[in-house]
Amino acid sequence: MSSASLALAERSAPRYTSYPTAPHFSAEVGAETAARWLAELSPGANLSLYLHVPFCPAICTYCGCHTKALRQDAPLTSYKETLLREIELLAASTPARNVRSIHWGGGTPSMLGPSRFREVARVLSEHFRMDAAIEHAIELDPRLVDAALADALVESGVNRVSLGVQDFNPHVQKAAGREQPYEVVERCVALLRAAGLQAINFDLMYGLPEQSVEDVIRTAKLAAGLSPNRFAVFGYAHVPWFAVHQRLIDQAALAGANERLAQAEAVRETLEAAGYEAIGLDHFARPDDAMAVAARGGTLHRNFQGYTTDDADALLGLGVSSIGKLPQGYVGNIGDTGNWRRAVEAERLPVSRGLAFSGEDRARGAVIERLMCDFSVDFGRVAAAHGFAEDAFDAAVPRLETLLHDGLAELSGRRLAITRRGRPFARLAASAFDAYLEAKAARHSVAV
Ligand code: SF4
């Protein structure tokens, strides 16, 4: 199989921000199971909190997130009130108190505005104990940041921000439905730094409509000139059957597989030349950044936000559609705002789906996480460390044949290493260890 065909195949492989992946969650795990799992956490457990705010002032055409456009203030106040009650409900459900990291995502979580944001952060700190070395991060839209918001973030303990930048070229911004001149981002960065926020991440994208290799290089150079600490660089995923507003994007204006690979490679070269270290599939960081240090030390992790240095014992999700990870399994919140609110008002954990880990899920998840983070794993050792025979996952080897044959991966005993050239195909290598994909394929075969 050529690299181009592999790239096409890669598009249909999961991103493995979790294993098993979210489509395999079921209603078998609901509020009662989540309550039992939360109660079983040890009082000394370290927690990570994720808060989801599913609103944006307008929807960018390329967006694939769980969010909706909102222009009134009242739904924000109502959402904040429910979040406050959910925080109380969660705190009453578990003896664990120590929070090592907080991440606000969306949507545009800063749409809450300074005073509602302060209130939620205050109530969080009343119910949980914030670790001295906490990482408190939020995703921001540079067009909506002003001095009052920056001050509220700093006062609430936020110490890392991610700015949605995507691309600096006006023709790409127009085609992607998000117009945001370079000067807006430049001003936003200056304002955040003046307020005391020094840890700044940029999100960039390739594969957007009308975007070329020259466009991504220009964007990466301009972005690196603003000296953020980290970059996340994502490929645009065209899924108009799921994100209906993407139907406004002209399919003919989208890059093919080879062009996407060339764009991803051009961004990597540009950022590396500017002094950033490549981390995992799609992150870059300054060599002294905690993520670069973790990547070099083999302690990088992967969660629903992508790569992370967070090694908390449990991730608790708050807000509509958020997902948590407890030692026993995944718990997913209700995806509809009205039903989420009604559950919280009835003092019931708003959990509608999830998955209880089997021993095999944990072992396969560990193999996949190491492959995605380190590009290398001894799957025999991981199997043995989880109480399985060393050859438990040998059935993956025939599925790796194309990658091995094309020099995109190498196998020595049971140590699988993805080569430099093979890195864009790490998800395919990981999928060889995914027992759920196999089960699905088997069902399809029978059906046909
Ligand atoms: S700001 Fe982000 S979450 Fe909101 S519509 Fe645009 S891309 Fe989606």
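The values are calculated or read from the model by the stated rules, or taken from the named source; none is laboratory data. Please read these numbers as outputs of a predicted model, since none were measured by experiment. Cβ sites come from the backbone with ideal geometry, for glycine too, and all protein chains shown count toward neighbours.
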Picked from the range 22-61 (must be within 16 Å of the ligand (Cβ to nearest atom) and assigned to a strand (DSSP E or B)), the residue farthest from Gly317 (Cα to Cα) is Cys56
Expected single match for touching a helix residue (DSSP H, G or I) at 6+ places or on another chain (Cβ under 6 Å), at pLDDT 95 or above and of a type in the set (D, E, K, R) among Asp146, Asp141, Asp167 is Asp167
Given the structure, is Arg116 surrounded by 20 or more Cβ atoms within 10 Å (Cβ to Cβ) and farther than 30 Å from Ala224 by Cα? yes
What do you reckon, is Ala314 within 20 Å of the chain's Cα centre (by Cα) and under 19 Å from Phe202 (Cβ atoms)?
no
For the range 69-92, indicate whether the set of residues that are modelled with pLDDT under 95 and surrounded by 15 or more Cβ atoms within 10 Å (Cβ to Cβ) is non-empty. yes
The residue from Val189, Val216 that alone is surrounded by 23 or more Cβ atoms within 10 Å (Cβ to Cβ) and among the β-branched types (Val, Ile, Thr) is Val216
The helices (runs of 4 or more DSSP H) lying entirely within the range 275-385 that contain at least 2 residues which are out of contact with any Pro (no Cβ under 6 Å at 6 or more places or on another chain) and charged (D, E, K, R) are 337-345, 359-374
Reported set for the range 22-68 where residues are among the polar types (S, T, N, Q) and at pLDDT below 95 is Thr61, Thr67
Exactly one of Gly105, Gly113, Gly64 is assigned to a strand (DSSP E or B) and not hydroxyl-bearing (Ser, Thr, Tyr), and that residue is Gly105
Yes or no: Tyr19 within 16 Å of the ligand (Cβ to nearest atom) and crowded, with 19+ Cβ neighbours inside 10 Å?
no
Scanning the range 156-173 residue by residue, the ones that are touching a Pro at 6+ places or on another chain (Cβ under 9 Å) and not polar (S, T, N, Q) total 6
If we keep only residues of the range 158-184 that are surrounded by 15 or more Cβ atoms within 10 Å (Cβ to Cβ) and in a loop (DSSP other than H, G, I, E, B), then the residue nearest to the ligand (Cβ to nearest atom) is Arg178
Output for Cβ contacts, cut-off 9 Å, separation at least six or different chains, first residue touching a residue at least 24 places away in the same chain (Cβ under 8 Å) and outside any strand (DSSP E or B) in the range 125-149, second hydroxyl-bearing (Ser, Thr, Tyr) and within 15 Å of the ligand (Cβ to nearest atom), reads Asp141/Thr108; Asp141/Ser110; Leu144/Thr108; Leu144/Ser110; Val145/Ser110; Leu149/Ser110
### Message
Suppose the filter is modelled with pLDDT of 95 or more, part of a loop (DSSP other than H, G, I, E, B), within 16 Å of the ligand (Cβ to nearest atom) and assigned by TED's automatic domain parsing to the domain that holds Pro54; does Leu197 pass it?
### Response
no
Conditions (1) under 19 Å from Ala426 (Cα atoms); (2) surrounded by 17 or more Cβ atoms within 10 Å (Cβ to Cβ); (3) in contact with a helix residue (DSSP H, G or I) (Cβ under 7 Å, 6 or more places away or on another chain) -> His238 fails only (1)
